[in-house]
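This report concerns only the one structure given below.
Computed from the coordinates by the stated procedures, all read-outs in this text should not be read as laboratory data. Worth saying up front: this structure is predicted, and the values here are computed from it rather than measured. Don't worry about glycine lacking a Cβ; one is built from the backbone with ideal geometry, like all the others, and counts go over all protein chains shown.
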Amino acid sequence: MDAFYASIEQRDHPEYKNKPLAVGYSGNRGVVAAASYEARKYGVKSAMPSKTALKRCPHIIFVPARFDVYKSVSMELHRIFSEYTDLIEPLSLDEAFLDVTENKKQQPSAMLIAKEIKQRIYEQTALTASAGVSYNKFLAKTASDQNKPNGIFVIEPKNAIPFLEQLPIERFFGVGKVTAEKMHRLGIFTGLELKQKTEQQLTACFGKAGHIYYQNVRGIDHRPVEANRIRKSVGAENTFESDIDSPDELDVILQNLSDEVFDRIKRNGFVGRTVTVKIKYTDFRIITRSKTLETPVENATMIYQTARNLLFSVDLAHAIRLLGVSVKKQDIIEWKDALQLEINFDV
């Protein structure tokens, strides 16, 4: 979805239309949860301290988050998705992977399905969405960011490598600001320059992520859309555009993540009692901390309070580039990978 939270506020409050708007708290300890496209022109971004947003755009409008409304709209979106396929993997309230290789409409064209879904979303919610269409998750996600807002972008198999070779490294999904700067120091500015590095060179510089970069720049991503697996856990995470070293900002983000995780728990009828916090530092070091509760999670507050205790028990003296929260169940039979079929990209 395009600027999901902010677009809902502009839809429901006509006086906010075409104005710079931020969802969040404007006080000293506030953080921007979402920014409208009008606000983004001033450099306002999600996870940015509210005081920084006000400096960049003094006339910005702050509105409180209404997660119950956002969740309700998200459910509408998933009802639309389910008319086309049952292979739906949610990433967040406003984003999901859909495998339409075999779809309920018997539609032979993935491009036409994307157009139909976009139109249905607009007719039903008065909101716009952007779609990326391709043969794997990495390429589809990368494509979805090419023509925002309200766009569609298709990466066909025959065009994947030429597209990736000319793509600025900042546009690769999973490459944030800090990683891009590190790649620039290595002389990597485009996909072609990334492709010229060996897998050993990339893993030496970026650890496990180096293997992923090596595969992705070659159009390789074997991950299936994970809709029919037996869930071992439900989680959400946020990779920041700029690294965060403020405990207050992390605390606000943690609350939002806890709300999102509990919404997924309710949506999926999931039962779990082990809460885990995942932290990735600016140097790509990853740590996790977990606690198993005596009873299953019953509300977002249980998740947040447990996750907060875990977060503030670790080293917060170094900047963080990713924060995640999950709830896990025990004694789960492992799900086996699904068979990936060929898909038609006819336009």
Between region 195-212 and region 236-303, how far is it from one alpha carbon centroid to the other, in angstrom?
28 Å
Quick shape summary for region 1-108, equivalent ellipsoid via Cα gyration tensor, semi-axes whole Å in descending order, reads 33, 13, 12
Rounded if a/c is under 1.5, else prolate if a/b beats b/c, else oblate: with a ≥ b ≥ c from the C-alpha gyration tensor eigenvalues square-rooted, which is region 197-294?
oblate
For Leu202, the net charge from surrounding residues (Cβ-Cβ under 15 Å; K, R +1; D, E -1) works out to +4
Starting from a Cα-only point model with no solvent, please compute log10 I(q)/I(0) by Debye for region 4-65 at q = 0.13 1/Å.
-0.25
What Kirkwood radius, in Å to one decimal, follows from the Cα pairs of the chain?
21.4 Å
Ser144: net charge of surrounding residues, Cβ under 13 Å, Lys/Arg +1, Asp/Glu -1, itself excluded?
+1
Size of the dipole of region 131-229 about the Cα centre, Lys and Arg at +1 and Asp and Glu at -1 on the beta carbon, nothing else charged, in debye to 20?
180 debye
